[in-house]
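The values are calculated or read from the model by the stated rules, or taken from the named source; none is laboratory data. The structure displayed is predicted, hence computed values, not measured ones. Positions of Cβ are backbone-derived with ideal geometry, glycine not excepted, and every protein chain shown enters the neighbour counts.
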4 protein chains.
Amino acid sequence: MTDNVKPWIFTASCVSTLGTVDVVTRYMAQAGHYVEEILSFDDKASSRFFIRIEFRPNPQGFNVDEFNLEFAPRAEKFAMQWQLTEPNHRTRVAIMVSKYDHCLNDLLYRYRTGQLNIEVPLIISNHPDLENLARWHDIPYYHLPITPESKLEQEQKMVSLLDDYDVELVVLARYMQVLSPWLCDQLEGRAINIHHSLLPGFKGARPYHQAWEKGVKMVGATAHYINNDLDEGPIIAQGIQEVGHAQYPEELVAKGQDIERITLFNAVKHHIEKRVFLSGGRTIVLSH
Amino acid sequence: MTDNVKPWIFTASCVSTLGTVDVVTRYMAQAGHYVEEILSFDDKASSRFFIRIEFRPNPQGFNVDEFNLEFAPRAEKFAMQWQLTEPNHRTRVAIMVSKYDHCLNDLLYRYRTGQLNIEVPLIISNHPDLENLARWHDIPYYHLPITPESKLEQEQKMVSLLDDYDVELVVLARYMQVLSPWLCDQLEGRAINIHHSLLPGFKGARPYHQAWEKGVKMVGATAHYINNDLDEGPIIAQGIQEVGHAQYPEELVAKGQDIERITLFNAVKHHIEKRVFLSGGRTIVLSH
Amino acid sequence: MTDNVKPWIFTASCVSTLGTVDVVTRYMAQAGHYVEEILSFDDKASSRFFIRIEFRPNPQGFNVDEFNLEFAPRAEKFAMQWQLTEPNHRTRVAIMVSKYDHCLNDLLYRYRTGQLNIEVPLIISNHPDLENLARWHDIPYYHLPITPESKLEQEQKMVSLLDDYDVELVVLARYMQVLSPWLCDQLEGRAINIHHSLLPGFKGARPYHQAWEKGVKMVGATAHYINNDLDEGPIIAQGIQEVGHAQYPEELVAKGQDIERITLFNAVKHHIEKRVFLSGGRTIVLSH
Amino acid sequence: MTDNVKPWIFTASCVSTLGTVDVVTRYMAQAGHYVEEILSFDDKASSRFFIRIEFRPNPQGFNVDEFNLEFAPRAEKFAMQWQLTEPNHRTRVAIMVSKYDHCLNDLLYRYRTGQLNIEVPLIISNHPDLENLARWHDIPYYHLPITPESKLEQEQKMVSLLDDYDVELVVLARYMQVLSPWLCDQLEGRAINIHHSLLPGFKGARPYHQAWEKGVKMVGATAHYINNDLDEGPIIAQGIQEVGHAQYPEELVAKGQDIERITLFNAVKHHIEKRVFLSGGRTIVLSH
């Protein structure tokens, strides 16, 4: 019934105006590309238009350069930013970690079993602890310890590594160092972080202890793009888990880890499937 | 920021083929209608195409007859079935009940407070019990008791009533009588039923007792379009609630009622917002 | 199978020490009372012991005064606070509202249908809007408008009313006035409030708008005992609902209302079933 | 605040009668053992009493033989079955698998990181596929392929292995062979299986395809003790995951796997913490 041929993905955004949908869908029809699914949204708050299309190319033949050549002038009239993603494109993801391994282990399992259509060309850490796990998956592990003095230099090394390995997405899988503002800027829209969702409710040190003091009945997690406002970037995905009075703070942390790794996975999956668009400080997630 | 002007809704479906999207979106652009949101899906299993569009009409003026006149020939080429729904259209809903009032009460509350954009011109029941509740909401209540002998006659009366009141949707809000096959056929795609989701797991009498015997840890509810296969029509929405060993069967029933009314509400909301399409024995729900 | 005779409830708490369980369970056995369920918890953080027992009294006869007389000296050795609740005791609940009716409507529905084993002898409001709903349920409605000048006087009237009607529990079902500190003190442990759980994340005015600005993917609700720390008392129950980019702030509010009323109901149910104990700034909820 | 000394666990069950709680709690008090938590339940349906106690032994000294000697005659009067579990007892778990690795991987991760307080002395499989994963965790892997002819012999080998390795619990982590009735009997109450919770709704081959045909909006999983009624033993834990029309059967399977491994983990955790009791065909799970 299903032919298991994955479709191409077309995504675009521009300022809201009449004809934005038509310019895309008309080209698809004229070029003989078969549209399998459209999701579009017009954000009234930012007055921006977003669209994501899955299509099967014209069986007579499909040439990316030709698509670019033909569509570019049409897009230009709308100052439309657009992107074509081939089926089975494996996004190149650098994972950054410290000592906790719950998120790393989950991502690598899904990578290894094909649940996440990614490549993981390298893992970067400020601690040596998780090298063994990286090695089992045959992934280079770069240990870049951070001190106040070495921070700038090490972050520059990171940027070089991301460059050398053609990294498209950085996933901070419980990387416990704050990135410098210049680096946050440089990674805008292509670095995803996970934190306990008690923030911003419980800022500062030991948030689970603070939450426990209030007797919370739920703990959660938030995955977001990083920006300069620490732990406050545009939210991509959130998750929640029930807890009770019998869980002391240490157990809240453990419960929290389960929901952290699932939430981070969901965010990464949305991103690599090109479902997430930035719109001001928020995200538009075109999914169903 | 938001102008609170609700958009018009356009929905359509036809056999999958090249150009189905284009014929719609091109007309929208040419007629000057502003597309706020598109959701489309191409069902590989049934080879059918489904689309739902929210649009603001051309501010220069909008005439439904003109839309019909201009779009009809375009649609015809694709044998496309399509429908235009005006903003704030209040779907005319007949609610059918027996003795349980949890679903009726919930629907009427949401109707009264505007959460459900519907009219409820009449309530039909095979029992007199809930007349008082209907009266408080100033809704005519038709008591049509059913015996094996009277069933056909009473069901014909129902059809007359649905006709007289221009009913668009029938909601069986725990109506405990099985409708005759001819009536199910007549109401195809426009009658929603709710049942405990233990079915088809626990068929027959007293399903909650059967479920309790197995020590289930969850009870649920399923809202579906009715068809001739009793309690087995195309599923629109499902919900779930956790239970434990300390809940005896009577308490499972009570827990189940809460999830029944929320699930029924979700299904009705999807339907009146024109998000639900029939595709073979399944539904396509174009939502986000 | 079940005899539908509800059990008596015994609850107690005291400082943690050896023998606290034994003093209770031994008396039950000696007096011939049949223990159907025990839930106990020893809170290491506050060094306090909490217990809740459901029991069927000695079929030879049961006399509350005798229980009190016999158990009091045993409890005294542990400085134990304890309480006996008869089966089918209907807690006398005053509901306080302003203009929103979603929580009031839900509580009254569950009261009317017996899902909540309570009496509602009166409703108090600072607005006249919901009097009609109160009247349909035959419940006296006291309209006590609040101005800065009248606040003290009106709050004293409230206290008189709570007294006159022998109120055991006050439920602030979206009562939009802050209670004065002296009143909060007086109602400690017997007044439950509901607020959107975005707090303390999003303090101040228009929290749903603030949350929307961040693009939250979930909204929630928290039910808690009131105290002097505005919207920050000990948490009894929490609930969550998923949202997306297509929901503008007004829709977040609507989504939030559904989870508010369910969460408030859960908290009230736990309270009247004597499952909730205060332990420092937290609650112990002995449930399963 | 918490001393991280885990308590001993005492569990017991017997026929419901007056004094069952007292005989336990009185002995605890007299022997100077400090009760941290009691959970008890009296199942009216089976007329059986169940209790689980966490206690810190008398700091003056604690001797298991002495406990046994002193408590045995008290228990005998009630024909009470009881068990003492020392803190940090690591339950010896044999994991059985076929080709799917999602459950195995999850259990081994939680074992390795200490989230599950177990030993895994061996893994048994009817296929060689997952040996590499076992090897990375330094766990012996026994490949026992099954044919109709070899089934009895191989199952006898299994029993020998379970014996040799002092296995306390068998976890069928997607072991795709039906165990023979005699083996099911022998493993009663100490073998946990996981299946998609669509059962018994969708019996027979390819249940996810059957479910998809109905357009289900949720898939789930059920963990249960095995018995002779295939896939129908007493339920320990259940989980659920939302799905939609855009997920074809293969994707339902993938979605289902996530909820399968979490549900299996929950069931195993409840079992090794001695929270699960069999009561007729149901389980009593004493948790909070």
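Going by what's in this entry, would residue C:184 be described as buried (at least 17 other Cβ atoms within 10 Å of the Cβ), in the same structural domain as residue C:233 (by TED's automatic domain parsing) and either within 23 Å of residue C:281 (Cα to Cα) or among the acidic types (Asp, Glu) (or both)? Before you say what the answer is, go through the steps one by one.
On the way: buried (at least 17 other Cβ atoms within 10 Å of the Cβ): yes; in the same structural domain as residue C:233 (by TED's automatic domain parsing): yes; either within 23 Å of residue C:281 (Cα to Cα) or among the acidic types (Asp, Glu) (or both): yes.
Considered against the rule, which asks whether it is buried (at least 17 other Cβ atoms within 10 Å of the Cβ), in the same structural domain as residue C:233 (by TED's automatic domain parsing) and either within 23 Å of residue C:281 (Cα to Cα) or among the acidic types (Asp, Glu) (or both), residue C:184 comes out as yes.
Going by what's in this entry, would residue C:109 be described as in the same structural domain as residue C:170 (by TED's automatic domain parsing), among the hydroxyl-bearing types (Ser, Thr, Tyr) and closer than 27 Å to residue C:150 by Cβ?
Numbers: in the same structural domain as residue C:170 (by TED's automatic domain parsing): yes; among the hydroxyl-bearing types (Ser, Thr, Tyr): yes; closer than 27 Å to residue C:150 by Cβ: no.
No: the conditions fail for residue C:109.
Just for strands (runs of 3 or more DSSP E) wholly inside the stretch D:39-123: which have at least 1 residues that are loosely packed, with under 15 Cβ neighbours inside 10 Å? Don't jump to the end; show me each part of the working.
On the way: elements: D:48-56, D:81-85, D:91-97.
Ranges flagged: D:81-85.
Out of (1) without any contact (Cβ under 8 Å) to a residue 12 or more places away in the chain; (2) more than 20 Å from residue C:90 (Cβ to Cβ); (3) not basic (Lys, Arg), the odd one out for residue C:163 is which?
Checking residue C:163 against (1) without any contact (Cβ under 8 Å) to a residue 12 or more places away in the chain; (2) more than 20 Å from residue C:90 (Cβ to Cβ); (3) not basic (Lys, Arg), the one that fails is (2).
List the residue pairs whose Cβ atoms are under 8 Å apart, where the first residue sits in the stretch D:47-66 and is at the interface with chain C (Cβ under 10 Å from one of its Cβ atoms), the second is loosely packed, with under 12 Cβ neighbours inside 10 Å, and the two are 6 or more positions apart or on different chains.
From the stretch D:47-66, the pairs are D:56/D:5.
Looking at (1) of a type outside the set (Asp, Glu); (2) more than 8 Å from chain A (Cβ to nearest Cβ); (3) in a helix (DSSP H, G or I), which is the one condition that is false for residue C:212?
(2)
Which one of the conditions (1) farther than 26 Å from residue B:285 by Cβ; (2) in contact with a Cys (Cβ under 8 Å, 6 or more places away or on another chain) does residue B:150 fail to meet, given that it meets all the rest?
That leaves (2) as the condition not met.
Are any residues in the stretch A:1-30 buried (at least 17 other Cβ atoms within 10 Å of the Cβ) and either β-branched (Val, Ile, Thr) or part of a helix (DSSP H, G or I) (or both), and if so, which ones?
Answer for the stretch A:1-30, where residues must be buried (at least 17 other Cβ atoms within 10 Å of the Cβ) and either β-branched (Val, Ile, Thr) or part of a helix (DSSP H, G or I) (or both): A:9, A:11, A:20, A:21, A:22, A:23, A:24, A:25, A:26, A:27, A:28, A:29.
Looking at the stretch A:124-152, which of the residues that are among the charged types (D, E, K, R) and in a loop (DSSP other than H, G, I, E, B) is farthest from residue A:92 (Cα to Cα)? Steps first, please.
Of all residues in the stretch A:124-152, those among the charged types (D, E, K, R) come to A:129, A:131, A:135, A:138, A:149, A:151.
Retained after the next criterion (residues that are in a loop (DSSP other than H, G, I, E, B)): A:129, A:138, A:149.
Details: A:129: 23, A:138: 15, A:149: 30 Å.
That would be A:149.
Would you confirm, using the coordinates I've provided, whether residue B:162 is more than 30 Å from residue C:108 (Cα to Cα), of a type in the set (A, V, I, L, M), part of a helix (DSSP H, G or I) and in contact with a strand residue (DSSP E or B) (Cβ under 8 Å, 6 or more places away or on another chain)? Steps first, please.
Working: more than 30 Å from residue C:108 (Cα to Cα): yes; of a type in the set (A, V, I, L, M): yes; part of a helix (DSSP H, G or I): yes; in contact with a strand residue (DSSP E or B) (Cβ under 8 Å, 6 or more places away or on another chain): yes.
Against the criterion (more than 30 Å from residue C:108 (Cα to Cα), of a type in the set (A, V, I, L, M), part of a helix (DSSP H, G or I) and in contact with a strand residue (DSSP E or B) (Cβ under 8 Å, 6 or more places away or on another chain)), residue B:162 qualifies.
I'd like to check something: does the stretch C:79-86 contain any residue that is facing chain D (nearest Cβ under 10 Å), at positive phi and not hydroxyl-bearing (Ser, Thr, Tyr)? Steps first, please.
Of the residues in the stretch C:79-86, the ones facing chain D (nearest Cβ under 10 Å) are none.
For the stretch C:79-86, residues facing chain D (nearest Cβ under 10 Å), at positive phi and not hydroxyl-bearing (Ser, Thr, Tyr): absent.
Check residue B:278 against each of (1) surrounded by fewer than 24 Cβ atoms within 10 Å (Cβ to Cβ); (2) more than 11 Å from chain D (Cβ to nearest Cβ); (3) hydrophobic (A, V, I, L, M, F, W, C) and name the one condition it does not meet.
(2)
Could you check residue B:52 against (1) modelled with pLDDT of 95 or more; (2) farther than 27 Å from residue C:247 by Cβ and say which number it fails?
(2)
Please tell me if residue B:232 is at the interface with chain D (Cβ under 9 Å from one of its Cβ atoms) and not small (Gly, Ala, Ser). Give the derivation first.
Details: at the interface with chain D (Cβ under 9 Å from one of its Cβ atoms): yes; not small (Gly, Ala, Ser): yes.
Here the answer is yes, as residue B:232 does meet what is asked.
Out of D:281, D:256, report the one residue that is touching a helix residue (DSSP H, G or I) at 6+ places or on another chain (Cβ under 9 Å), modelled with pLDDT under 90 and closer than 21 Å to residue D:108 by Cβ. Let's see the steps before the verdict.
On the way: D:281 fails: closer than 21 Å to residue D:108 by Cβ.
The unique qualifying residue is D:256.
Residue by residue, here is whether (1) assigned by TED's automatic domain parsing to the domain that holds residue C:265; (2) closer than 30 Å to residue C:258 by Cβ; (3) modelled with pLDDT under 95 holds:
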position: C:27; (1), (2), (3): no, no, no
position: C:38; (1), (2), (3): no, no, no
position: C:46; (1), (2), (3): no, no, yes
position: C:97; (1), (2), (3): yes, yes, no
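Would you check which residues across the stretch C:13-46 are of a type in the set (S, T, N, Q) and at the interface with chain D (Cβ under 7 Å from one of its Cβ atoms) and list them?
Residues of the stretch C:13-46 that are of a type in the set (S, T, N, Q), as a first pass: C:13, C:16-17, C:20, C:25, C:30, C:40, C:46.
Within the stretch C:13-46, C:25, C:40 qualify.
Tell me, yes or no, whether the stretch C:173-196 has at least one residue that is β-branched (Val, Ile, Thr) and in a loop (DSSP other than H, G, I, E, B). Steps first, please.
Taking the stretch C:173-196 and keeping what is β-branched (Val, Ile, Thr), we get C:178, C:192, C:194.
From what's left, in a loop (DSSP other than H, G, I, E, B): C:178.
Taking every residue of the stretch C:173-196 in turn, at least one turns out to be β-branched (Val, Ile, Thr) and in a loop (DSSP other than H, G, I, E, B).
Only residues in the stretch A:250-269 that are over 20 Å from residue D:260 (Cβ atoms) count as the first member; pair them with residues that are of a type in the set (A, V, I, L, M) and surrounded by fewer than 19 Cβ atoms within 10 Å (Cβ to Cβ), Cβ under 8 angstrom, at least 6 apart or cross-chain, and list the lot.
From the stretch A:250-269, no pairs qualify.
What number of residues in the stretch A:234-287 are in a loop (DSSP other than H, G, I, E, B), closer than 27 Å to residue A:81 by Cα and in contact with a Phe, Trp or Tyr (Cβ under 8 Å, 6 or more places away or on another chain)?
2
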